[in-house]
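Chemist: This is the structure I want to talk about, given as structure tokens.
The values are calculated or read from the model by the stated rules, or taken from the named source; none is laboratory data. These figures come from a predicted structure and were not determined experimentally. Cβ placement follows ideal geometry from the backbone for every residue including glycine, while neighbour counts extend to all protein chains displayed. Only protein heavy atoms, including side chains, enter the accessible area calculation; ligands, DNA and RNA are left aside. Shrake-Rupley method; radii C 1.70, N 1.55, O 1.52, S 1.80 Å.
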Amino acid sequence: QVQLVESGGALVQAGDSLRLSCAASGRTPYRYPMAWFRQAPGKEREFVARISASGGITDYADSVKGRFTISRDNDKNTLYLQMNSLKPEDTANYYCAAKNSATMVRVPSEYDYWGQGTQVTVSS
């Protein structure tokens, strides 16, 4: 089992930056590929970014590419999402997730562990 706790969500203005964190605990979280997803009210949960267990491979949704950066510190068992040039359409509840196999995917149902989410609101 892996436990995930997100933090860092806030109300910010368009153009601002924000860094989300996800603290992992439990059974060897450093071995798991991880990802960030987001869900806005009335919408399906969507992929934002993913990272391999080592941190050497990353992948981003087109909507955030060039603005967001996913990273991880396996010594601290923490996943990060640096978000720059935020837009109102980035407003959502952001979730971190981990999966207990090496394959990296963008589909939420393929992830085994989820945090409770942290709210990001971007005002125009």
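Chemist: Taking all protein chains in place and a 1.4 Å probe, what share, in percent, of the accessible surface of region 29-124 do carbon and sulfur account for?
Modeler: Percent of accessible area from carbon and sulfur atoms in region 29-124: 45.
Chemist: I'd like to check one number: the per residue accessible area of the chain, probe 1.4 Å, reported in Å² as a whole number.
Modeler: 51
Chemist: Between the alpha-carbon centers of region 64-124 and region 5-33, tell me the distance in whole angstrom.
Modeler: 7
Chemist: Tell me the GluC sites (Glu not before Pro) within region 41-124 that lie in a loop according to DSSP and have at most 10 other beta-carbon atoms within 10 Å.
Modeler: 44
Chemist: Calculate how many DSSP beta bridges within the chain are antiparallel, expressed in % of all such bridges and rounded to the nearest 5.
Modeler: If I count the DSSP bridges inside the chain, around 90 percent turn out antiparallel.
Chemist: Something else now. Can you list the lysines whose alpha carbon is less than 26 Å from that of residue 87, not counting same-chain residues fewer than 8 positions off?
Modeler: Of all the lysines, those that pass the test against residue 87 - Cα under 26 Å, at least 8 places apart if same chain - are 43, 65.
Chemist: I would also like to ask the following. Could you list which residues have their amide H under 5 Å from that of residue 9, counting only those 5 or more apart in sequence or on another chain, with H placed in the peptide plane?
Modeler: 119
Chemist: Still on this model: How far, in nm, would the chain grow between residue 124 and residue 103 when pulled straight, counting 0.36 nm per residue and subtracting the alpha carbon separation?
Modeler: Computed gain between residue 124 and residue 103 is 3.8 nm.
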